[in-house]
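Comments concern the structure below.
The values are calculated or read from the model by the stated rules, or taken from the named source; none is laboratory data. None of the values given here were measured: they were computed from a predicted structure. As a convention, Cβ positions derive from the backbone with ideal geometry for all residues, glycine included, and neighbour counts pool all protein chains shown.
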């Protein structure tokens, strides 16, 4: 080997991509990490919002992995470009609204662009044949390599022996003998490797790292699309889907009601953009209205918000309503009874 | 040395880190960047990002709802 070759590693923050990067570092390859922010990444958002979770230790797992490995990490904002992947996935959805195969292809394609701009030699990922039902199958892994444009510059060190030889192997930049043949959903080999490398405290996300795989989140996103008559979103939309209690009493509007102090504080940041309601005679949540409510709708919304205040059993609760640049006005309302809130209102 | 300020309030992690990273790309060694955030996670993530890229945290002020992190840029 005449010069030190450079690999860009897709670092998710989980164990597999960490091990793949470690295998390359062991072979003397210069590795830098890349991590993509789509807006749907779980990464402790709700922990940052909810008051009860504010004292819990927080970390970005991709940064943690990079620091542990002693490599640089570049975090790339792909929020805008990623919309097309979520809205029009060529290969369809996996679990819920997860555009699994398109997502992997998109990320490898972005990594390939980064490689070209930064004069790196090849890309590595922590993929394992058979680990994911859609994107990590033996017959779909070549699709990712081909559609991303990376082709033979995409190396999967953890399962390289089960795949065709790549350019870095053919050129002798990496020793194929030192790569692995992992397959299937078992995590035992990776856990054993982590132990061997003295890596502990790595992230083990139970529900995956993407909100789109979450059934409740996906149902709220589908509701958003249905209510607007188009499959589109802005970052604020998808952030708000992570916060509060969502109720849609009528097709043309929904309420986002804070569930505790941290969420109320977060929703306060949206007061200028949304009509909002707050009980003032009793302690209660802040609620945003997404949609176009008329006067009757506002009355219903006020009764709903009153239900989630400390005045839920009172005869009357005074609710302040603020709409755009108008002066706030108040309504004295009787809180809705639980039996008057149909289950189907809950998004 | 020039002092810059970055407003990352209301952004949730990792956006404050991404904005910090992108701003520092435009700065020179010796410049100082003060990042103002509201996400408590930024107080962990921005210093972690700085450590792996060789920049130094020279001051951190944590108030009730705001965190001010001051970074000395080092691109050597």
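Is it the case that region A:147-169 has a residue that's assigned to a helix (DSSP H, G or I) and closer than 26 Å to residue A:39 by Cβ? Yes, the conditions are met somewhere in region A:147-169. Residue A:129 passes every criterion in (1) crowded, with 16+ Cβ neighbours inside 10 Å; (2) within 14 Å of chain B (Cβ to nearest Cβ) apart from (2).
Within region A:114-156, the set of residues being touching a strand residue (DSSP E or B) at 6+ places or on another chain (Cβ under 6 Å) and closer than 21 Å to residue A:182 by Cα comprises A:122, A:123, A:124, A:125, A:129, A:130, A:138, A:145, A:153, A:154, A:155.
Does residue B:12 qualify as being over 12 Å from the mean Cα position of the chain (by Cα) and within 19 Å of residue A:75 (Cβ to Cβ)?
yes
Annotation: of all residues in region A:257-270 being touching a strand residue (DSSP E or B) at 6+ places or on another chain (Cβ under 7 Å) and surrounded by fewer than 22 Cβ atoms within 10 Å (Cβ to Cβ), the one that is modelled with the highest pLDDT is A:259. Of the residues making up region A:45-59, none is touching a helix residue (DSSP H, G or I) at 6+ places or on another chain (Cβ under 7 Å), surrounded by 18 or more Cβ atoms within 10 Å (Cβ to Cβ) and either under 25 Å from residue A:118 (Cβ atoms) or at pLDDT 95 or above (or both).
Listed here are the residues, each with its yes/no results for (1) closer than 26 Å to residue A:263 by Cβ; (2) buried (at least 19 other Cβ atoms within 10 Å of the Cβ); (3) more than 12 Å from chain A (Cβ to nearest Cβ).
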| residue | (1), (2), (3) |
| --- | --- |
| B:27 | no, no, yes |
| B:37 | yes, yes, no |
| B:42 | yes, yes, no |
| B:45 | yes, yes, no |
| B:53 | no, no, no |
| B:56 | no, no, yes |
| B:61 | yes, no, yes |
| B:68 | yes, no, yes |
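I'm checking my understanding of the structure. Among residues of region A:70-109 that are facing another protein chain (nearest Cβ under 9 Å) and free of Cβ contacts under 8 Å to residues at least 60 places away in the same chain, which one is surrounded by the fewest Cβ atoms within 10 Å (Cβ to Cβ)? Per the stated criteria, the residue is A:70. In region A:94-101 there is no residue that is touching a strand residue (DSSP E or B) at 6+ places or on another chain (Cβ under 7 Å), over 27 Å from residue A:221 (Cα atoms) and assigned by TED's automatic domain parsing to the domain that holds residue A:30.
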